[in-house]
1. Would you mind checking which residues have amide H under 5 Å from HIS215's amide H? H placed 1.01 Å from N; only 5 or more apart, or other chain.
2. Taking 22 Å as the cut-off for C-alpha to C-alpha distance, list the pairs among LYS39/LYS236; LYS101/LYS220; LYS39/LYS101 that go past it.
3. Determine ³J(HN,Hα), in whole Hz, for all residues of the stretch 65-80 in sequence, where each value follows from phi through the Karplus function 6.51 cos²θ - 1.76 cosθ + 1.60 and θ = phi - 60°; x replaces Gly and Pro.
4. So how do LEU93, LEU149 line up by other beta-carbon neighbours within 10 Å, fewest first?
5. To make sure I understand, if each residue's beta carbon is the centre and we count other beta carbons within 10 Å, what order do ASP75, ASP143, ASP160, ASP187 fall in, fewest to most?
6. Straight-line reach from LYS77: which aspartates and glutamates have Cα under 15 Å away, leaving out those fewer than 8 places along the same chain?
7. List the relative contact order of the stretch 105-169 as a percent without decimals, with contacts defined as Cα pairs under 8 Å and 6+ residues apart.
Amino acid sequence: MKSWKIILSIVRSVVLFLFMFEFSLAKLNICNLINTNDKKITPSSSTLKIETAPSSMACSIMCCNLESCCYASYDNKTRQCILDESCCLQSELTGDALMMKKSTAFWLGGTDIEKEGDWIWSTSQTNITFNDWHVGEPDNWNDQHHCLLMTLRFNLEWADRSCGDINRFICEKTYWLGGTDIENEGDWMWSTSQTDITFADWGDGQPRNSDGNEHCLQMKYEYGLTWNDDPCIFKKRFVCEKIKNVFF
């Protein structure tokens, strides 16, 4: 009986660990952090918290749960987790640390670095013939903003930023947006919240439901990053609803 209880205890512990691990990964995916090895935050007036954490993943989750956090760093030797609200902070090189930036913005692959105000796609070197600039953008602040960014801060509208900033890329690809009309053709809703889509940015001639089999919403580069419908079976990256304030 005693050995049975020990085995049951081990099984429960393993199941709990796997659950927590998967949940942590889900939260990191929602938060979307970018890692930089061998760097550590230099504490300053913008530092939010300095705590002890069991792992870099736990430190990342702390940053995800703290809305004002932009950067986190984790020292593997001391287990020190530093959270900072500044996105332009000071850091120091150290051989056993990891610095992580919360990513809420995405490079789109456009630039006007050759000639100010003449925006082109950097890969194809063709002119950008449409735009979705946020009010007041592009501003070319301090004559240093020459790369095209889409940011959650501006409701996924465009802005220009310094090309040296660290962000993820969305370049000449297609992305699922999380919308579908699979329940009733033409009635588009967000698949996560099951609420109606109350705005649209369809490309010319879209949606067309080719062969009666296009029921998922994507954003496509060749349509100028406007929308079209496509079969749901295709594998693509996602840009979907952001979930906030999830705790365990």
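FYI, it's all coordinate maths here, none of it is from the lab. Computed from a predicted structure; not experimentally measured. Backbone-built Cβ (ideal geometry, glycine too); neighbour counts: all protein chains shown.
1. ASP230, CYS232
2. Long pairs (Cα-Cα over 22 Å): LYS39/LYS236; LYS101/LYS220.
3. Each residue's phi maps through the Karplus curve to give 6, 9, 4, 7, 6, 10, 10, 9, 9, 10, 9, 5, 7, 8, 6, 7 Hz.
4. Placing the least packed residue first, the sequence is LEU93, LEU149.
5. Working: ASP75 18, ASP143 7, ASP160 22, ASP187 11.
Fewest to most other Cβ atoms nearby, the residues stand as ASP143, ASP187, ASP75, ASP160.
6. The reachable aspartates and glutamates, counting only those whose Cα sits under 15 Å from LYS77, are ASP38, GLU51, ASP96.
7. Details: 109 pairs, mean separation 24.8, N = 65.
That works out to 38 percent.
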